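Asks: Structure provided below as structure tokens; questions to follow.
The values are calculated or read from the model by the stated rules, or taken from the named source; none is laboratory data. Worth saying up front: this structure is predicted, and the values here are computed from it rather than measured. With ideal geometry, Cβ positions are generated from the backbone for all residues, glycine too; neighbour counts draw on all protein chains shown. The protein model used for the area step is the full one, side chains on, heavy atoms only, and it has no ligands, DNA or RNA in it. Shrake-Rupley method; radii C 1.70, N 1.55, O 1.52, S 1.80 Å.
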Amino acid sequence: SPERNQASGITTYYYHDGASKKLARCLSQQYSNLPLTNKGIDFGDFLVIRDNTRPAVLCEMGYINTRKDFHQIRRLSYQLKVAHDVVKGLDSYFAQ
């Protein structure tokens, strides 16, 4: 992009109400221990989640074009925390 993008933080996108929105909520609730701001869940009209017959979400776990986010994203400790939190969110979703 020719303009500096100031996007920052974590957003969990869903397209379909119901199971996908529920999955997004379960995942997003686990991200409170991450160093980037959790913006919660939001509707997203993205092909990767729109054309699914199963629950689907898109997790933006930070942005590489923002120095603050990129500093976190590239750290192994951040990546491990994200992986751990996603598993916790999936456990929560499937326990319901």
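Asks: Being out of contact with any helix residue (DSSP H, G or I) (no Cβ under 9 Å at 6 or more places or on another chain) and free of Cβ contacts under 8 Å to residues at least 60 places away in the same chain is the filter here, so list the residues in the stretch 61-70 that pass it.
Replies: Within the stretch 61-70, Arg67, Phe70 qualify.
Asks: Here is a further query. With touching a residue at least 12 places away in the same chain (Cβ under 8 Å), open to solvent by less than 80 Å² (accessible area, probe 1.4 Å) and part of a loop (DSSP other than H, G, I, E, B) as the only criterion, which of Leu36, Leu58 stands out?
Replies: Details: Leu58 fails: part of a loop (DSSP other than H, G, I, E, B).
Result: Leu36 is the single residue among Leu36, Leu58 that is touching a residue at least 12 places away in the same chain (Cβ under 8 Å), open to solvent by less than 80 Å² (accessible area, probe 1.4 Å) and part of a loop (DSSP other than H, G, I, E, B).
Asks: Test Leu90 against the stated conditions and say whether it is touching a strand residue (DSSP E or B) at 6+ places or on another chain (Cβ under 6 Å), surrounded by 14 or more Cβ atoms within 10 Å (Cβ to Cβ) and either of a type outside the set (D, E, K, R) or closer than 15 Å to Ile10 by Cβ (or both).
Replies: No: the conditions fail for Leu90.
Asks: While we're looking at this one, here's another question. Could you list, in sequence order, the residues of the stretch 61-87 that are open to solvent by less than 60 Å² (accessible area, probe 1.4 Å) and either more than 13 Å from Cys26 (Cα to Cα) or aromatic (Phe, Trp, Tyr) (or both)?
Replies: Met61, Gly62, Tyr63, Thr66, Asp69, Gln72, Ile73, Ser77, Tyr78, Val82, Ala83
Asks: Search the stretch 73-91 for residues that are without any contact (Cβ under 8 Å) to a residue 40 or more places away in the chain and pair each with any residue that is of a type in the set (Val, Ile, Thr) and open to solvent by 80 Å² or more (accessible area, probe 1.4 Å) when their beta-carbon atoms are under 7 Å apart and the residues are at least 6 apart or on different chains.
Replies: Note: pairs meeting the criteria are Ile73/Ile64.
Asks: Of all residues in the stretch 1-28, how many are out of contact with any Ser or Thr (no Cβ under 6 Å at 6 or more places or on another chain) and either buried (at least 17 other Cβ atoms within 10 Å of the Cβ) or among the basic types (Lys, Arg) (or both)?
Replies: Initial filter on the stretch 1-28 (out of contact with any Ser or Thr (no Cβ under 6 Å at 6 or more places or on another chain)): 1-7, 10-11, 13, 15-23, 25.
Filter once more, so that each one left must be either buried (at least 17 other Cβ atoms within 10 Å of the Cβ) or among the basic types (Lys, Arg) (or both): 4, 10-11, 13, 15-16, 20-23, 25.
Going through the stretch 1-28 one residue at a time, the tally reaches 11.
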